[in-house]
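Following: one structure in structure tokens, then a few remarks.
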Amino acid sequence: MSLRESPFPNCFLEGLHAVGWSLIFPCFWFLDRLLAVCVSTSQERVLRREQECYLHPLKLVFGSVLFFILFLLSTPLALLGFVLWAPLQAVRRPFSYRRQVQIVHVEDRNSRWEETKKVSFGFLTGNLCLLPDGVARFNNLGHSQRRASVIGKSIVQGVTRPHIPIFVDSPSSCGTVTPSSSLMPQPTPSSYGSVDFSITDQKDGTEADETNGPTQHQLPKHNCHHNSKQRKHPACSLRDGDMLMEVSSLFPTSVDIVCLQEVFDKRAALKLAQSLGTLYEHVLYDVGVYACQPAGTCSSFKFFNSGLFLASRYPVMDAQYHCFPNSRGEDALAAKGLLAVKVDIGLQKGEKKMVGYINCTHLHAPEGDGEIRFEQLNMLTRWISEFQAVTRREDEMVMFDVLCGDFNFDNCSPDDRLEQSHSVFEEYTDPCRAGPGKEKPWVIGTLLEQPTLYKENMRTPDNLQRTLESEELRKDYLSPPVPVDGVPLVYPEPDQPWVGRRIDYLLYRESSVACHCKTDVEEFTYVTQLAGLTDHIPVGFRLSVSLDSEDISPCVLSSSGPDC
């Protein structure tokens, strides 16, 4: 079943919605610019001091007065547009679907699956903080539209680079580099603390990009938390069993599905969809509900959508969104929830075609609200099971079942112990987790300290990569665990490394995958390519699914578990 692109059932309703939003948008934009004028990022404050700019007070006064007046003048039109826009949300499908002809092509790692009896799939997740510009500045991030364009190009650049490892044996280098990255000239930093990426068309129709510095430095085998200056081996790597773990300044190659969070701004979402559409034909964006919804769906007025965003190389067969009804505080303004998607992998074994399930979520954020997140975990596990039970077919074999997103709790904070013990970690496997409240030794936190985003050790992909590889530096730039109120924090435990808060998760489940298939994680990657563009570290992994038997049958989910 193919999805229609418009979230509305017909062109007439879509047109009415566009008219209503066009009346609201000027008021929204003036308010956004008012906040942007009044709130500066730390990078902008540093630049003003360095350039000895004394005009900022005038800009602040006159800019805020101007935008406030324009905001007031546009309010009557916005109210009229709201009267037209709000009722239409009741008939709007809770996501937009974009299909674009693929321009950039990547290597098909599953082209010889019939010989190898193995297929593999790459996944990526990350929180981008693409809020309206004025609101994003409260997280020390601005220029949401520009960041969206750069992020999209960065993902395409990293995913499409040639996967040709070159081991450099020299006293001043350590790690693995690729022809598409470290051998290219370095661009200059942009005005908002990241790097500029340019893409030019080539004769063969593909795209070539520029990035800065070495890539894919792999952590030392003897201790993944040593500083790079202490390395003695030119080719550094770390393996957890058969899984390779690395910190890379570029996105991993051949990622099949990208799941993103906090893509709240509609214009930024569209820019991101356009950039990623050159590689990912199928994009779901503007996911979520707005305004007041029927009782039992969402409990309050929603000013923002869920912020969820999914880009897939595989056709989307079915998609379903659920809104969490139990949010409160500032989180209740956004329609956070779960996006469950079924994709057609495009391969077939006998009479059975291969499909996969990907589930993306963003849980309640405020610290101390563990009960809310725990209940949201209950909801999403139930919703996933119901979605798969309805969409599963006898002539299909499930090859992967992945749950990912920003869970807003970690596996090391005493304040998050309730969520750490949830049964979702019994159903799904977390490759980073050694047990409740205990991470594996090589794990690195994914939440950055916002005030330090533009420090020298953070502002470029290479510098951020070296920071993550050093335990001492991580203490200064990653968010520390959250203690229980009134209880002193003892962290880390003796002989344990300092990890930091890991709130971005990639989980996979084997019980729902076709019987006689075995799932393993080939590689797990922390990505620093978005240094200065977001306050999270994107993570990715590649799943390898072995087809162990010629007679593979689908598993049927039931309350007692899989029934093959």
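The values are calculated or read from the model by the stated rules, or taken from the named source; none is laboratory data. Just so we're clear, the structure is a prediction, and the values are computed from it rather than from any experiment. Cβ sites come from the backbone with ideal geometry, for glycine too, and all protein chains shown count toward neighbours. Side chains are part of the model used for accessible areas, which takes the heavy atoms of the whole protein and leaves out ligands, DNA and RNA. Shrake-Rupley method; radii C 1.70, N 1.55, O 1.52, S 1.80 Å.
List of remarks:
- Ile552, sole failed condition from (1) at pLDDT below 95; (2) under 25 Å from Phe138 (Cβ atoms): (2)
- The set of residues in region 92-118 that are aromatic (Phe, Trp, Tyr) and over 30 Å from Ser306 (Cα atoms) contains only Trp113.
- One residue alone among Thr116, Thr125 is of a type outside the set (A, V, I, L, M), in contact with a Pro (Cβ under 8 Å, 6 or more places away or on another chain) and under 30 Å from Leu547 (Cα atoms), and that residue is Thr125.
Condition check ((1) touching an Asp or Glu at 6+ places or on another chain (Cβ under 9 Å); (2) among the aliphatic types (A, V, I, L, M)) across all residues:
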residue: Glu5; (1), (2): no, no
residue: Phe12; (1), (2): no, no
residue: Ala18; (1), (2): no, yes
residue: Leu23; (1), (2): no, yes
residue: Pro26; (1), (2): no, no
residue: Leu31; (1), (2): no, yes
residue: Ala36; (1), (2): yes, yes
residue: Ser40; (1), (2): no, no
residue: Arg45; (1), (2): no, no
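- Residue that is modelled with the highest pLDDT [pool: residues in region 232-245 that are assigned to a loop (DSSP other than H, G, I, E, B) and either open to solvent by 40 Å² or more (accessible area, probe 1.4 Å) or of a type in the set (Phe, Trp, Tyr) (or both)]: Asp242
- When region 246-270 is filtered for residues that are in a helix (DSSP H, G or I) and within 15 Å of the chain's Cα centre (by Cα), the ones remaining, listed by number, are Ala268, Ala269.
- Within region 441-453, the presence of a residue that is surrounded by fewer than 18 Cβ atoms within 10 Å (Cβ to Cβ) and among the aliphatic types (A, V, I, L, M) is excluded.
- Some residue of region 495-507 being of a type in the set (Ser, Thr, Tyr), within 17 Å of Cys412 (Cα to Cα), touching a residue at least 60 places away in the same chain (Cβ under 8 Å) and in a strand (DSSP E or B): yes
- Residue within region 66-73 that is at pLDDT below 95, of a type in the set (A, V, I, L, M, F, W, C) and part of a helix (DSSP H, G or I) present: no
- Screening Gly307 on (1) open to solvent by 10 Å² or more (accessible area, probe 1.4 Å); (2) assigned to a loop (DSSP other than H, G, I, E, B) shows it passes everything except condition (1).
- Residues of region 327-374 classified as within 21 Å of Ile257 (Cβ to Cβ), of a type in the set (A, V, I, L, M) and either open to solvent by 10 Å² or more (accessible area, probe 1.4 Å) or in contact with a Gly (Cβ under 8 Å, 6 or more places away or on another chain) (or both), total: 5
- Test result for Glu394, touching a residue at least 60 places away in the same chain (Cβ under 8 Å) and either in contact with an Asp or Glu (Cβ under 6 Å, 6 or more places away or on another chain) or surrounded by fewer than 23 Cβ atoms within 10 Å (Cβ to Cβ) (or both): yes
- Which numbered condition Phe121 misses (of (1) of a type outside the set (Ser, Thr, Tyr); (2) open to solvent by 20 Å² or more (accessible area, probe 1.4 Å); (3) part of a strand (DSSP E or B)): (2)
- Residue pairs whose Cβ atoms lie under 7 Å apart, separated by 6 or more positions or on different chains, with the first residue in region 343-355 and touching a residue at least 12 places away in the same chain (Cβ under 8 Å) and the second open to solvent by less than 20 Å² (accessible area, probe 1.4 Å) and of a type in the set (Asp, Glu), are Lys352/Glu396; Lys353/Glu396; Val355/Glu396.
- If the condition is being in contact with a strand residue (DSSP E or B) (Cβ under 9 Å, 6 or more places away or on another chain) and modelled with pLDDT of 90 or more, then region 326-342 contributes Ala332, Leu333, Ala334, Ala335, Lys336, Gly337, Leu338, Leu339, Ala340, Val341, Lys342.
- Any hit, region 471-479, residues being open to solvent by 20 Å² or more (accessible area, probe 1.4 Å), under 18 Å from Met243 (Cβ atoms) and at pLDDT below 95: no
- Inclusion of Val255 among residues that are farther than 23 Å from Leu130 by Cα, among the aliphatic types (A, V, I, L, M) and in contact with a strand residue (DSSP E or B) (Cβ under 7 Å, 6 or more places away or on another chain) is not warranted.
- Any hit, region 6-27, residues being in contact with a strand residue (DSSP E or B) (Cβ under 9 Å, 6 or more places away or on another chain), touching a residue at least 12 places away in the same chain (Cβ under 8 Å), closer than 20 Å to Val91 by Cβ and exposed (fewer than 12 other Cβ atoms within 10 Å of the Cβ): no
- Among the residues here, Ala86 does not qualify as modelled with pLDDT of 95 or more, in a helix (DSSP H, G or I) and on the phi < 0 side of the Ramachandran plot.
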